[in-house]
Amino acid sequence: MALVKTNFPLFGNLFDDFFGTELADWRNQNYSATNTTLPKVNIKEDENGFVVEMAAPGMKKGDFKINVDNNLLTISSQKQEEQKEGEGEKYTRREFAYQAFTRSFTLPNSADADKVSASYNDGILTVTIPKKEEAKPKPPKSIEIS
């Protein structure tokens, strides 16, 4: 699958930064510790910032850990559930469910890493990354001739 580059200046560097190495680089930046599928993400950009939406149904907001370190946004989760059914004299049945993943994205230089926020609603984790004021587009300025 090939990524298509756009001619839109807002999107050019964003797609290079977010997707440039992710698909081919499965070392330690994007992995599932349990060989399960990774949650899929949508990344949107507008003049005010970026929004990362991660599909993670059945989880709770406390299941996620989100860090920003040296312009690297890391979203991870580790969830373990244990269920016991019927303890007899010589028999105990236990079923374990374990799920873990880590997704990492390099933030563009225009992102304000100090103001990242997140929310979780209806199975979607939303991470909002505002742009630095100096990176936001400015309206055209009219210059008077003196």
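Quick rundown of the values:
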{"item": "Index of the failed condition, Gln78 passing every other in (1) closer than 30 Å to Lys138 by Cα; (2) at pLDDT below 95; (3) touching a helix residue (DSSP H, G or I) at 6+ places or on another chain (Cβ under 9 Å); (4) not hydrophobic (A, V, I, L, M, F, W, C)", "result": "(1)"}
{"item": "Selected residue (criterion: modelled with the lowest pLDDT) from residues of the range 81-112 that are more than 16 Å from Ile43 (Cα to Cα) and of a type in the set (A, V, I, L, M)", "result": "Ala97"}
{"item": "Residues (surrounded by 13 or more Cβ atoms within 10 Å (Cβ to Cβ) and at pLDDT 90 or above) located in the range 57-70", "result": "Asp63, Phe64, Ile66, Val68"}
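The values are calculated or read from the model by the stated rules, or taken from the named source; none is laboratory data. Quick caveat, the model's predicted, so the values are computed rather than measured. Neighbour counts run over all protein chains shown; Cβ positions are idealised from the backbone, glycine included.
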